Amino acid sequence: MSNKIDNIIEELKSLTLLEAAELVKQIEETFGVDASVMSNPGMVMMPSDINSTPAEEVEEKTEFDVILEEVPAPKKITILKVVRSLTALGLKEAKELVESTPKMIKESISKEDAEEIRSQLEEVGAKVSIK
(Lines give C-alpha, C1' and ligand atoms only; values in the text may rest on other atoms or scores of the structure.)
Protein backbone atom coordinates (compact mmCIF):
# COMPACT_ATOMS: atom_id res chain seq x y z
CA MET A 1 0.00 0.00 0.00
CA SER A 2 1.05 3.55 -0.51
CA ASN A 3 2.21 5.72 2.38
CA LYS A 4 -0.92 7.86 2.07
CA ILE A 5 -3.21 4.84 2.46
CA ASP A 6 -1.16 3.54 5.41
CA ASN A 7 -1.57 6.90 7.14
CA ILE A 8 -5.35 6.91 6.54
CA ILE A 9 -5.64 3.37 7.94
CA GLU A 10 -3.69 4.35 11.07
CA GLU A 11 -5.95 7.38 11.56
CA LEU A 12 -9.06 5.19 11.16
CA LYS A 13 -7.78 2.79 13.82
CA SER A 14 -7.59 5.62 16.33
CA LEU A 15 -11.22 6.77 15.88
CA THR A 16 -13.80 6.26 18.60
CA LEU A 17 -17.07 4.60 17.69
CA LEU A 18 -18.87 7.96 17.61
CA GLU A 19 -16.18 9.47 15.41
CA ALA A 20 -16.39 6.47 13.04
CA ALA A 21 -20.17 6.86 12.81
CA GLU A 22 -19.76 10.56 11.99
CA LEU A 23 -17.13 9.71 9.36
CA VAL A 24 -19.53 7.25 7.68
CA LYS A 25 -22.28 9.87 7.71
CA GLN A 26 -19.98 12.47 6.11
CA ILE A 27 -18.79 10.00 3.44
CA GLU A 28 -22.42 9.14 2.60
CA GLU A 29 -23.32 12.83 2.24
CA THR A 30 -20.18 13.81 0.33
CA PHE A 31 -20.20 10.96 -2.18
CA GLY A 32 -23.93 10.23 -2.33
CA VAL A 33 -23.61 6.61 -1.21
CA ASP A 34 -25.43 4.48 1.34
CA ALA A 35 -23.10 2.46 3.59
CA SER A 36 -25.98 0.31 4.84
CA VAL A 37 -26.64 -1.18 1.38
CA MET A 38 -24.49 -4.22 0.71
CA SER A 39 -23.72 -4.53 -2.99
CA ASN A 40 -21.54 -7.61 -2.62
CA PRO A 41 -22.90 -10.32 -0.30
CA GLY A 42 -19.47 -11.97 -0.25
CA MET A 43 -17.85 -8.90 1.30
CA VAL A 44 -15.79 -9.26 4.45
CA MET A 45 -17.34 -7.25 7.26
CA MET A 46 -15.24 -5.41 9.83
CA PRO A 47 -15.59 -6.61 13.41
CA SER A 48 -17.68 -4.42 15.69
CA ASP A 49 -14.60 -3.45 17.71
CA ILE A 50 -12.92 -0.96 15.35
CA ASN A 51 -9.58 -1.27 17.19
CA SER A 52 -9.27 -5.05 16.93
CA THR A 53 -6.57 -6.38 14.66
CA PRO A 54 -6.25 -8.29 12.43
CA ALA A 55 -9.60 -8.34 10.71
CA GLU A 56 -10.74 -11.94 10.32
CA GLU A 57 -12.07 -13.01 6.96
CA VAL A 58 -15.39 -14.82 6.71
CA GLU A 59 -14.85 -18.27 5.24
CA GLU A 60 -17.19 -19.42 2.51
CA LYS A 61 -19.00 -22.63 3.37
CA THR A 62 -17.78 -25.57 1.28
CA GLU A 63 -19.62 -28.53 2.80
CA PHE A 64 -23.39 -28.86 2.79
CA ASP A 65 -25.98 -31.22 4.25
CA VAL A 66 -29.10 -32.26 2.34
CA ILE A 67 -32.15 -32.72 4.56
CA LEU A 68 -35.38 -34.38 3.48
CA GLU A 69 -37.99 -32.14 5.10
CA GLU A 70 -41.34 -33.46 3.89
CA VAL A 71 -42.68 -36.37 1.87
CA PRO A 72 -46.24 -36.09 0.51
CA ALA A 73 -48.06 -39.41 1.00
CA PRO A 74 -49.07 -39.88 -2.67
CA LYS A 75 -45.44 -39.52 -3.80
CA LYS A 76 -43.84 -41.61 -1.08
CA ILE A 77 -42.92 -44.62 -3.26
CA THR A 78 -41.33 -42.49 -5.98
CA ILE A 79 -39.36 -40.50 -3.41
CA LEU A 80 -38.33 -43.75 -1.71
CA LYS A 81 -36.84 -45.01 -5.00
CA VAL A 82 -34.84 -41.79 -5.46
CA VAL A 83 -33.60 -41.89 -1.86
CA ARG A 84 -32.45 -45.49 -2.32
CA SER A 85 -30.56 -44.60 -5.51
CA LEU A 86 -28.88 -41.63 -3.80
CA THR A 87 -27.94 -43.35 -0.55
CA ALA A 88 -27.50 -47.03 -1.46
CA LEU A 89 -29.67 -47.92 1.54
CA GLY A 90 -31.70 -51.09 1.66
CA LEU A 91 -35.47 -50.92 1.24
CA LYS A 92 -36.20 -51.08 4.97
CA GLU A 93 -33.65 -48.40 5.91
CA ALA A 94 -34.74 -46.08 3.10
CA LYS A 95 -38.40 -46.52 4.07
CA GLU A 96 -37.60 -45.65 7.71
CA LEU A 97 -35.67 -42.57 6.56
CA VAL A 98 -38.50 -41.36 4.31
CA GLU A 99 -41.13 -41.95 7.01
CA SER A 100 -39.25 -40.12 9.74
CA THR A 101 -38.75 -36.71 8.15
CA PRO A 102 -37.01 -34.38 8.66
CA LYS A 103 -33.94 -36.53 8.11
CA MET A 104 -30.49 -35.95 6.66
CA ILE A 105 -29.96 -37.65 3.30
CA LYS A 106 -26.32 -36.67 2.69
CA GLU A 107 -23.85 -34.70 4.76
CA SER A 108 -20.65 -32.76 4.07
CA ILE A 109 -20.98 -32.74 0.30
CA SER A 110 -20.18 -30.05 -2.27
CA LYS A 111 -22.72 -27.39 -3.14
CA GLU A 112 -23.08 -28.73 -6.69
CA ASP A 113 -23.81 -32.26 -5.44
CA ALA A 114 -26.27 -30.92 -2.85
CA GLU A 115 -28.11 -28.92 -5.52
CA GLU A 116 -28.25 -31.96 -7.81
CA ILE A 117 -29.70 -34.15 -5.04
CA ARG A 118 -32.22 -31.47 -4.14
CA SER A 119 -33.35 -31.12 -7.74
CA GLN A 120 -33.79 -34.90 -8.09
CA LEU A 121 -35.89 -35.11 -4.93
CA GLU A 122 -37.95 -32.01 -5.65
CA GLU A 123 -38.63 -33.31 -9.16
CA VAL A 124 -40.48 -36.26 -7.62
CA GLY A 125 -42.35 -34.09 -5.08
CA ALA A 126 -40.21 -34.07 -1.92
CA LYS A 127 -39.50 -30.96 0.11
CA VAL A 128 -35.73 -30.65 0.65
CA SER A 129 -33.41 -28.15 2.33
CA ILE A 130 -29.67 -27.60 2.13
CA LYS A 131 -27.76 -26.45 5.18
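The values are calculated or read from the model by the stated rules, or taken from the named source; none is laboratory data. The shown structure was predicted, so the numbers you read here are calculated from the model rather than taken from an experiment. Cβ: placed from backbone, ideal geometry, glycine included. Neighbour counts: every protein chain shown.
Residue check: is Thr53 more than 24 Å from Glu107 (Cβ to Cβ), modelled with pLDDT under 90 and either not in a helix (DSSP H, G or I) or not assigned by TED's automatic domain parsing to the domain that holds Ala126 (or both)? Spell out how you get there, then give the answer.
Values: more than 24 Å from Glu107 (Cβ to Cβ): yes; modelled with pLDDT under 90: yes; either not in a helix (DSSP H, G or I) or not assigned by TED's automatic domain parsing to the domain that holds Ala126 (or both): yes.
So Thr53 passes the test.
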Scan (1) at pLDDT below 70; (2) surrounded by 11 or more Cβ atoms within 10 Å (Cβ to Cβ) for the single condition Met1 breaks and write down its number. (2)
Of all residues in segment 59-83, count the ones that are over 18 Å from Glu123 (Cβ atoms) and touching a strand residue (DSSP E or B) at 6+ places or on another chain (Cβ under 8 Å). 3
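Quick check, is Leu86 more than 14 Å from Lys127 (Cα to Cα), surrounded by fewer than 11 Cβ atoms within 10 Å (Cβ to Cβ), of a type in the set (A, V, I, L, M, F, W, C) and at pLDDT below 90? Lay out the reasoning, then the answer.
Numbers: more than 14 Å from Lys127 (Cα to Cα): yes; surrounded by fewer than 11 Cβ atoms within 10 Å (Cβ to Cβ): no; of a type in the set (A, V, I, L, M, F, W, C): yes; at pLDDT below 90: yes.
Against the criterion (more than 14 Å from Lys127 (Cα to Cα), surrounded by fewer than 11 Cβ atoms within 10 Å (Cβ to Cβ), of a type in the set (A, V, I, L, M, F, W, C) and at pLDDT below 90), Leu86 does not qualify.
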Scan segment 28-50 and give yes if some residue there is surrounded by 10 or more Cβ atoms within 10 Å (Cβ to Cβ), modelled with pLDDT of 80 or more and within 24 Å of the chain's Cα centre (by Cα), otherwise no. no
Determine the pairs where a residue that is small (Gly, Ala, Ser), located within segment 19-37, has a partner that is surrounded by 10 or more Cβ atoms within 10 Å (Cβ to Cβ) and at pLDDT 80 or above with Cβ atoms under 8 Å apart, the partner being 6 or more residues away or on another chain. Ala20/Leu12; Ala35/Val24; Ala35/Ile27; Ala35/Glu28
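For Glu22, are the conditions met, namely being modelled with pLDDT of 80 or more, closer than 21 Å to Ile8 by Cα, surrounded by 13 or more Cβ atoms within 10 Å (Cβ to Cβ) and assigned by TED's automatic domain parsing to the domain that holds Ile9?
Considered against the rule, which asks whether it is modelled with pLDDT of 80 or more, closer than 21 Å to Ile8 by Cα, surrounded by 13 or more Cβ atoms within 10 Å (Cβ to Cβ) and assigned by TED's automatic domain parsing to the domain that holds Ile9, Glu22 comes out as no.
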